[in-house]
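Working notes, beginning with the structure itself.
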Amino acid sequence: MNVLTSNRSDTALMPNTTGASNLPGDGMRDLLRDTALLVTTLASGGQTQDAVALRARCKQLVEQFASALQHRGFPDDVRNEALVAQCGLLDEVALRHLPGESRSAWEREPLQVEQFNLHEAGERVFDRLDARMRDPAPPVALLECYSAILGMGFVGRYARDGEAERIALIASLNARLETLRPAPDRPFIADRVGRRLSDWFYRLSPWAIAGLACAAATIVWSIWSATLDGQLAHLVAAKAVRP
């Protein structure tokens, strides 16, 4: 399986949720679409024996992300943090899925070293995230980027400290994002319920939908049949008492 080919579909894997307080309104999560594609393809069973091709693809993803962030007008510090987080994620993915000597070679010179001369992205990412979450007015687009990177499986120092703490951090980050997004971006409860129902119906298989349709038809037929029987009984009784 070739996991290094970009699939530039119009449907984004990472939805764009806007709401940055002091940053461009377009956000940046949608810019991680191709990164998400590579990560999820490898995680679902894809393999690559070609470390050179994988590194070339990862460098291309970093360059594309950097260019898009600059095009959208994000400041230098925000761009740098987002790119370090992306590199940290790509390094972890490569180390999980490259075999033997290729893995060792990547470990000796990870992408973060090549791009930023940085050896501790696993610490740096969470240090910066902690600092941003303490900020009373953090850049929301960057927090959403961190949320996306964590959602794609980045563990960093939590490979050592434990998954439970990482999950708690993700929950705290998402809760903070809910408070930071503008009110129009938060759906009403009724809208959420309706969306859940429509999503549930959309996920049903054709056989399940057919079964529900048959069940609904049976119920309607039973009610209609009972109504007709009642009307017929009434007519018979009326004829019986007629002189």
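Any read-out appearing in this document is the output of simple, stated calculations on the displayed coordinates, not a laboratory observation. No experiment lies behind these values; they were computed from the predicted model shown. Because the Cβ atoms are built from the backbone with ideal geometry, glycine has one as well, and the counts that use them run over all protein chains shown.
Side notes on the structure shown:
- Counting Lys and Arg as +1 and Asp and Glu as -1 over every other residue whose Cβ lies under 12 Å from the Cβ of Leu42, the net charge comes to +1.
- Fewest-first ranking of Tyr146, Tyr158, using other Cβ atoms within 10 Å as the exposure measure: Tyr158, Tyr146
- With the simple spin-label model, which puts each label point 7 Å out from Cα in the Cβ direction, the Thr179 to Ser67 separation comes to 4.0 nm.
- Extension gain from Ala137 to Asn80, taking 0.36 nm per residue of separation minus the Cα-Cα distance: 18.7 nm
- The modelled label-to-label distance for the pair Arg108/Asp50, using points 7 Å beyond Cα in the direction of Cβ, is 2.3 nm.
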